[in-house]
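Contents: one structure, followed by commentary.
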């Protein structure tokens, strides 16, 4: 039986739509669904409990996604195991498709769904940014930035050894080689982007800060001369996009301005070693 672990911190506005989609079309007892309410001060737990006995609710006063994931692991009953952010939308058929990719001949250790980014209500600069972001090779092929990662028992054993990192989905994606992971096109997840430029920059500052933490960890754990996997965007990536589609130039300029703003915003947190402050985008939760 697939176990679905959903860490949720003050997600009363978004959790219901995810749970309703998971339950719609799922047979009784088909999925083991756990909502781990961590440090919630709103009605997240009540929203989950209102969906009935097919949802198990676990609560902890600690407002930590990493601790919520570990607590969910202790209560989860089966594999494949899916970790799903509370603010995305995923259906029962998508869970089945991810499970199929982790089972049988040619199975991978980790999988994620293709992403849908609805841009309705987003500012023009946000839309321009994501025109570039979605085309980047690392973004197309990596498991991060989707809010969903599914793993086999063998894959789970590998990521269970990872330290508590802010960029948990990026670290999990980089823990597997391209041959060991897959983006499953028959599974789809709806990821709602920030609507405003300010909220986009907040999200990118968080990403820049967490990437710096991950790279610091890689530097301390790497053996001499062993290259570490990375999902950073390089100048060569942007040049390749422009060669393929010169009309992307205005969007690339917007993308670069966001990257520079995020780097400036993350500098103070990185210098202070502050990898706990979670700059949350609220506009996508409206």
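Filtering segment 125-171 to residues that are surrounded by 19 or more Cβ atoms within 10 Å (Cβ to Cβ) and at pLDDT below 85 leaves 166, 167, 168, 169, 170, 171. Taken over segment 159-184, the criterion of being farther than 25 Å from residue 263 by Cβ, outside any loop (DSSP other than H, G, I, E, B) and either out of contact with any helix residue (DSSP H, G or I) (no Cβ under 9 Å at 6 or more places or on another chain) or not assigned by TED's automatic domain parsing to the domain that holds residue 11 (or both) is satisfied by 179 alone. When the residues of segment 227-264 are filtered to those that are at pLDDT 80 or above and within 17 Å of residue 215 (Cβ to Cβ), the one that is surrounded by the fewest Cβ atoms within 10 Å (Cβ to Cβ) is 234.
Is it the case that residue 35 is modelled with pLDDT of 95 or more, assigned to a strand (DSSP E or B) and over 15 Å from the mean Cα position of the chain (by Cα)?
Working: modelled with pLDDT of 95 or more: yes; assigned to a strand (DSSP E or B): yes; over 15 Å from the mean Cα position of the chain (by Cα): yes.
So residue 35 passes the test.
Restricting attention to segment 10-20, the residues that are touching a residue at least 60 places away in the same chain (Cβ under 8 Å) and surrounded by 19 or more Cβ atoms within 10 Å (Cβ to Cβ) add up to 4.
The values are calculated or read from the model by the stated rules, or taken from the named source; none is laboratory data. This is a predicted model, so every value here is computed, not measured. Every residue, glycine among them, receives a Cβ derived from its backbone with ideal geometry; neighbour counts consider all protein chains shown.
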